[in-house]
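Written below as C-alpha cells is the structure these notes are about.
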Amino acid sequence: MSKILFLVNHDVVIYNFRLELVEQLIESGHQVVISSPYGDRIEDLKALGCEYYDMYMTRHGMNPIKELSLISAYKKLLYKVKPDIVFSYTIKPNIYGAIACRKYHVPCVANITGLGTAVEYGGITQKIAILLYRYAFTEVQRVFFQNDENRQFFAKHRIAVEKHAL
C-alpha cells in the first residue's frame, strides 16, 4: 500500500475540490495523509480514513522567517511520514512542499489551480515567486494546470516546462 501525502493551505481545498480523489485513493487501498491548517472539514476527512497533520501557515503573509519555518516544518513532516508521493495545491504548499521533497527525493506533483495574488499583479513579489517556482520545481514530477492561461505563464517564465499537463 502506498502512502500519499496531500499538502494544502486550507482544509476546504481538499474537501470541496478533491474529495472524490481522496475517496478513490482510499478505496484503492492507499494510505492518504493530509497536511493543512486545522479547519471544519478535517474531522470529516479523518472519518474517511485519512491521517492528518496540522500545519501552521500564514496563507497571505510573506515574512521570511515564517516562510523558512514552513519549509522546515514540511521537511520534518516528510521525514516523519515517509510518503511515496506528494500532491500539493496552492502556492505555498506547491513551492515549499517541492523544496522539502527535493531533500528526501520524494516524487512531487504540483497542482496549479490559479496563480494567486503574489504572481498575478506583477512587481517584485511576482519576480520572487517566479524564482521560487523555478528553484522548487526543478525536480517536480509533474505540474497539473486547471487552465491554459496559467500553463502559458509557467511556459513563458521557463518553469518546469517539460513537466506540464493540462
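Overview of values
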| item | result |
| --- | --- |
| Lys, Arg +1 and Asp, Glu -1 on Cβ, resulting dipole of the range 9-166 about Cα centre, debye, nearest 20 | 820 |
| The range 21-166 - percent relative contact order, Cα under 8 Å, separation 6 or more | 15 |
| For Ile34, residues with placed amide H under 5 Å, excluding near neighbours | Phe6, Glu51, Tyr52, Tyr53 |
| Among the listed pairs Lys76/Lys156; Lys92/Lys127; Lys103/Lys156, those beyond 25 Å (Cα-Cα) | Lys76/Lys156; Lys103/Lys156 |
| The chain, accessible surface, carbon-and-sulfur percent (1.4 angstrom probe) | 54 |
| Candidates per trypsin sites (Lys or Arg not before Pro) in the range 22-70, loop by DSSP, up to 11 other Cβ within 10 Å | Arg59 |
| ³J(HN,Hα) computed for each position of the range 156-163 - Karplus, 6.51 cos²θ - 1.76 cosθ + 1.60, integer Hz, glycine/proline x | 4, 9, 6, 10, 6, 4, 7, 10 |
| Three-way shape label, the chain, alpha-carbon gyration tensor, a/c 1.5 | prolate |
| Rounded accessible area per residue of the range 3-161, 1.4 Å, Å² | 52 |
| The range 1-62, relative contact order in percent, only Cα pairs under 8 angstrom and at least six apart counted | 38 |
| Near-label residues of the range 8-31 by backbone N, under 16 Å of a point 7 Å along Cα→Cβ of Glu43 | 11-12 |
| Relative contact order %, the range 118-166, counting alpha carbon pairs below 8 Å whose residues are six or more apart | 35 |
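The values are calculated or read from the model by the stated rules, or taken from the named source; none is laboratory data. Predicted, not measured: the structure shown is a model, and the values here were computed from it. Note that we place each Cβ from the backbone using ideal geometry, even for glycine, and neighbour counts take in every protein chain shown. Surface areas here come from the heavy atoms of the whole protein model, side chains and all, with no ligands, DNA or RNA. Shrake-Rupley method; radii C 1.70, N 1.55, O 1.52, S 1.80 Å.
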